[in-house]
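A.B. asks: There's a structure below that I have some questions on.
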Amino acid sequence: MAASPDILLHRLDPVHEAAHLVRLNEAAYAQAAFLDDSIMGPQTPGLWARLDEIAGLTGGLPERCDFIFHIGHVGSTLMSRLLGAFPGVLSLREPMPLPLLAQLHGHLNRPESLWSAERFEAVLSLCLKLWSRTYRPGQLPLIKATSWAGEMAPALLSRSSRPRALMMTVTPEAYLAGVLVSPPATGDVRVSATTALARLHRRLGAEPFTLHRMSLGERTAMVWACEMLALKAAADEHPGQVHWIDFDTFLAAPEPGLTSALTHLGQPADPAAVRMVVQGPLMSRYAKGGHPFDATKRRQLLNSSRQSNHAEIIKGLAWLEDAAGRFHAIAALAQASSSMSQ
């Protein structure tokens, strides 16, 4: 386990203090859209082991990995694939234990917390050490988090290894248009809205909004605000470790955008290599599935959504304007988002 990333901690079972381990290889990491159950096949070797047993085998490993945090459906998978095309980056897309750890982190120091703060730290450190293994010297892992795992971004950036992070977003209007035109994205909003509103209320220190009274557009705007507040909190605490990327700005000029991301991560950004990656097949297909998709297709989808979902987009923007008038934290998001998209 200590020798290479070939043994992945696939699932975490906090109740039984165990983890499911599976065997992958470097090509499988590169191919996988997500490190979820989709990587499992009838011939995928795997077994369950006790967390303490795993820790005993890996205790001497260093902890060193960087992150992509994002608000969901804003090109983070594409960015992960583009950066993973460079030899100094090992891209890990949404390892399943991370959002579970974020959920457990939210309960720490509360009576219902399954783990003590000390036990949580031990398991988090174990996972980060395992995700820090690489295939060659000088390579650094880049973990693309699940969107709502960004709630734990401040804690992750506080690690002694001082991880660097790319934070991906779009303007509220582009987010509304992009989500409302996509059935999978609207499905994610419907599923996550309850938890997102609870998280938003905790950050605001008040409970002014009622989910069942909110339209789909208003819920989508609320999810944008919730995830942006989590990322902004991390960026405010650790400004030197964070680089913001507006997805649509990146698509309009991918070469300088990719160069900036590489530079922030401490990676070489040879112009010829960047150009080759940007002009290669990754930029012309959907990062999660492989069907044709590019900047032109995204613009067409957004424009189509602006027509077909006009009423809900207007409702979502009106909800944000009202919320910004009532809460300074949300007003600051609108200002920050506008500057990021320039």
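The values are calculated or read from the model by the stated rules, or taken from the named source; none is laboratory data. This one's a predicted model, so the numbers in the text were calculated from it and none came from an experiment. All Cβ positions, even for glycine, are placed from backbone atoms using ideal geometry, and neighbour counts span all protein chains on display.
A.B. asks: Within the stretch 290-307, take every residue that is touching a residue at least 12 places away in the same chain (Cβ under 8 Å) and surrounded by 13 or more Cβ atoms within 10 Å (Cβ to Cβ) and give me the one that is nearest to L90 (Cα to Cα).
C.D. replies: Within the stretch 290-307, the match that is nearest to L90 (Cα to Cα) is A295.
A.B. asks: From R199, R190, grab the single residue that is in contact (Cβ under 8 Å) with a residue 12 or more places away in the chain, assigned to a helix (DSSP H, G or I) and within 29 Å of C65 (Cβ to Cβ).
C.D. replies: R199
A.B. asks: Right, another one. What is the residue count in the stretch 312-328 for residues that are touching a Leu at 6+ places or on another chain (Cβ under 6 Å) and not acidic (D, E)?
C.D. replies: 3
A.B. asks: Turning to a different aspect of this structure: Give me the helices (runs of 4 or more DSSP H) completely within the stretch 234-289, filtered to those with at least 1 residues that are under 18 Å from the mean Cα position of the chain (by Cα) and touching a residue at least 40 places away in the same chain (Cβ under 8 Å), ordered by residue number.
C.D. replies: 247-252, 254-264
A.B. asks: Also, I was wondering about something else. For V223, state whether it is in a helix (DSSP H, G or I) and surrounded by fewer than 18 Cβ atoms within 10 Å (Cβ to Cβ).
C.D. replies: Against the criterion (in a helix (DSSP H, G or I) and surrounded by fewer than 18 Cβ atoms within 10 Å (Cβ to Cβ)), V223 does not qualify.
A.B. asks: Which residue out of R81, R119, R110, R93 is of a type in the set (D, E, K, R), within 22 Å of S158 (Cβ to Cβ) and either modelled with pLDDT of 95 or more or touching a Cys at 6+ places or on another chain (Cβ under 6 Å) (or both)?
C.D. replies: R119
A.B. asks: If you don't mind, there's one more thing I want to ask. Just the residues that are surrounded by fewer than 22 Cβ atoms within 10 Å (Cβ to Cβ), assigned to a helix (DSSP H, G or I) and among the β-branched types (V, I, T), please, taken from the stretch 170-186.
C.D. replies: The answer is T186, and nothing else.
A.B. asks: Checking K288 against (1) at negative phi; (2) modelled with pLDDT of 95 or more: exactly one of these is not met. Which one?
C.D. replies: Against the list (1) at negative phi; (2) modelled with pLDDT of 95 or more, K288 comes up short only on (2).
A.B. asks: Could I ask something else about it? Across the stretch 144-169, which residue is surrounded by the most Cβ atoms within 10 Å (Cβ to Cβ) among those that are among the basic types (K, R) and in a loop (DSSP other than H, G, I, E, B)?
C.D. replies: R164
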